[in-house]
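The block underneath contains the structure these notes are about, expressed in structure tokens.
Read-outs throughout are calculated quantities, based only on the coordinates presented, and are distinct from any laboratory measurement. If you're wondering where the values come from, they're calculated on a predicted model, not measured in any experiment. We place every Cβ from the backbone using ideal geometry, glycine too, and count neighbours over all the protein chains shown.
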Amino acid sequence: MHEGLSPEAEKLYLAMLRGDGDAGSSGAREELERLGLIRNDDVRPPRSALAAIASGHEAAAVRARETAEFLAAAYAERGAKEVDFVEVLKDADEVICAFEDMQSQAKSGIRALDPGSYLSPQPEASPAQPPALARGIAYRVVYESALLQTERGFASVQESIAVGEQARTFPGVPLKLVIADSDRALIAVPTVTGGNVVALLIHPSVLLSALIELFEAFWRMAVSITPGSQDDTNAEPTTATRQLMALLSAGLTDESIARELGISDRTVHRRVSRLQQLLGAQTRFQLGVQASRRGWL
């Protein structure tokens, strides 16, 4: 039942559906009558009554957002010393709430850098992600590569990929960052004393634009994570792969590499394409960067 109905009234409504009209308190019965769920001890269809409750909650949420915007404007006008495009969130529940609100209110996409939780070494799935993906919100996330070295971390990332997230990995992700559309960003940092997290909620500004550019730079450099085994790249590099990468890095053409290796041009192209797919490289230059980072050269 909808959260607008009390547990006691919900219990009584279900009991009455089963024919137990004597169950429940008088207060619960009055609540059901007030909401139009029972009339003269007859159980009524719940859809229209609960739809009205839901509409009331939606209207309240709209009013709350409008009030928040009004108060934020009033705060900015009073000439506060703090910059008006940054909010400091010091309470952990407040940080979590802001993170989930960004996802539920996003209109097109969520971008994130994830070095792992500051309070836990593993990535943590957000309950707000599946509903957002279901309504067409695109997710692009760059994970710290160390997260994928643990079974639990790899499984968590694979679960997100399975529901539609685009994921990449990069060593040394510098901060925990979430960007909703191009409207808001959330930066989470550990406190000096530890055991808690402080977050900055960034509104449209030069700083927000810089954070978006920061994400895009890491996205371009990062390696794609594809569905499959944690050991997809463990078979590499073979001696043949190292030899091919060395020739590519020397700037040789496919024809020259083919002659050097005694294989066809088509085989060279096929092997290079497979390596690009394996390492998530869009160009041969990116392939060289990724192979160098992995120690394949």
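So for the pair T238, C97, with labels modelled 7 Å out along Cα→Cβ, what separation do we get in nm? That separation, rounded to one decimal, is 5.7 nm. Full extension of the chain segment joining W219 with S25 gains 64.0 nm, where the gain is 0.36 nm per residue of separation less the Cα-Cα distance. Here the simple spin-label model places points 7 Å from the Cα toward Cβ, and for A246 and D265 these points are separated by 2.5 nm. Length available on full extension from T283 to E151: 0.36 nm per residue minus the Cα-Cα distance, which gives 44.5 nm.
Compute the length gained on full extension between A138 and E33: take 0.36 nm times their separation in residues and subtract their Cα-Cα distance, giving the result in nm to one decimal. Let's see the in-between values first.
Numbers: separation 105, 0.36 × 105 = 37.80 nm, distance 4.36 nm.
Length difference between fully extended and current span is 33.4 nm.
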